[in-house]
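Below is one structure, written out as structure tokens, with a few remarks after it.
The values are calculated or read from the model by the stated rules, or taken from the named source; none is laboratory data. What you see is a predicted model; the values in this text were computed from it and never measured. Quick reminder, even Gly has a Cβ in these numbers, built from the backbone with ideal geometry, and neighbours come from all protein chains shown. The area values use the complete protein model at the heavy-atom level, side chains included, leaving out ligands, DNA and RNA. Shrake-Rupley method; radii C 1.70, N 1.55, O 1.52, S 1.80 Å.
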Amino acid sequence: MAITEDAPPGATERDPARPSGERPGERPGRAGQKGQEGHEGRAGQDGLESRRLSSPLILTMTLLLAVLAQSPIRGALGTPLMQSWMTVFVAVTVQALPFLVLGVLLSAAIAVFVPPSFFARALPSRPALAVPVAGMAGAVLPGCECASVPVAGALVRRGVTPAAALAFLLSAPAINPIVLTATAVAFPRNPEMVLARFLASLLVACAMGWLWQRLGRTDWLRPPAHGAHEGATKGETFWNSVRHDTVHAGGFLVLGAMAAATLKAATPATWLRTAADNPLVSVLALAVLAVLLSICSEADAFVAASLTQFSLTAKLVFLVVGPMIDLKLFAMQAGTFGRGFALRFAPATFALAVAGAVVTGTVLL
């Protein structure tokens with residue numbers, strides 16, 4: 001009689017270690033492998049998610065560090081240098097923010113609800129006359145730099161002569177009512193700055209339009225085949241444009257206010273006086289600063305007004321150059337009309353903007 005060990009129920013018919021339905025001598029099937037791999041994958045993913053930092057945890061850790069380091073932070077903010085920096089930064093930001101928001105709302109409404117065909121019907125057929133009319137349209141229809149580039153691209157696609165579209169591109173963010181009102185608020189003791197900014201910007205916009213009409217080539221200008229928000233409803237396009245432009249322009253406003261506060265508080269006064277006392281250096285310094293800061297035109301007047309060491313003509317150069325050519329505008333122009341266009345258009349605009357502002361400032365200021 002054979003001696004056998006006790007086996008659990010069902011073990012006489014199949015291997016207890018073998019999954020149900022598997023024949024003797026057969027390797028584990030793919031289903032079993034997939035199930036095991038899926039279980040291991042889920043377990044690993046759960047482990048990664050458990051170790052991943054969430055946003056509330058990051059915020060809690062940041063607040064905890066701020067509480068622990070409040071004494072050094074309070075000491076650093078209490079220094080005269082930081083108090084001066086914070087005063088300038090808050091003043092520039094608070095003064096400029098309402099104009100920025102209003103400008104973004106109006107520019108989004110124009111870009112969405114005013115059909116580009118309206119401009120094609122309103123402009124004269126002769127390019128030489130269409131350029132100044134399009135330039136003056138910028139004074140009637142407000143729009144910031146972020147909106148003027150796509151609107152100009154839409155104008156070219158709808159048959160508007162490129163010279164007129166480019167004149168509108170340059171004038172709209174520089175001489176619209178929101179910008180001129182902000183300039184008047186920023187320079188209450190120098191009301192002539194409003195007129196000087198209007199005339200210099202309009203002069204440069206028309207000059208660039210006529211220059212393009214004279215020397216420009218069609219193969220340099222390559223507008224996109226369709227709009228950036230094609231397929232969306234007007235309401236969706238409006239609010240998407242508002243959100244995008246507010247965040248985009250607001251970020252540049254904060255950077256500009258920080259730069260202005262740093263120049264005001266941290267830069268030695270002797271350096272600023274040396275640059276401001278030399279007319280050529282002051283003009284070139286503020287022209288380059290306008291390109292680098294890339295401040296929205298609805299807010300740049302408050303930054304310029306805070307640079308008290310510089311002359312009114314140098315500040316005018318800052319106000320004329322900034323809305324026409326800066327880093328973000330160069331990127332937007334290259335993306336809308338092509339890199340070849342931007343590489344030719346930007347240097348010419350910079351040179352004419354500086355020259356036009358200097359001439360206008362010499363006459364009026």
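Between Leu292, Leu280, Leu284, the distinction of being part of a helix (DSSP H, G or I), modelled with pLDDT of 80 or more and closer than 20 Å to Gln333 by Cβ belongs to Leu292 only. Per the listing Glu192, Glu145, the residue uniquely touching a Leu at 6+ places or on another chain (Cβ under 7 Å), of a type in the set (D, E, K, R) and at pLDDT 90 or above is Glu192.
In the set (1) at positive phi; (2) part of a helix (DSSP H, G or I), the condition left unmet by Phe168 is number (1). Of all residues in the range 308-324, those being out of contact with any Gly (no Cβ under 9 Å at 6 or more places or on another chain), among the hydrophobic types (A, V, I, L, M, F, W, C) and open to solvent by less than 10 Å² (accessible area, probe 1.4 Å) number 4. Here Ala259, Ala265, Ala331, Ala301 are screened, and the one residue that is open to solvent by less than 10 Å² (accessible area, probe 1.4 Å) and of a type in the set (A, V, I, L, M, F, W, C) is Ala301. As for the range 151-164, it holds at least one residue that is at pLDDT below 85, assigned to a loop (DSSP other than H, G, I, E, B) and surrounded by fewer than 18 Cβ atoms within 10 Å (Cβ to Cβ).
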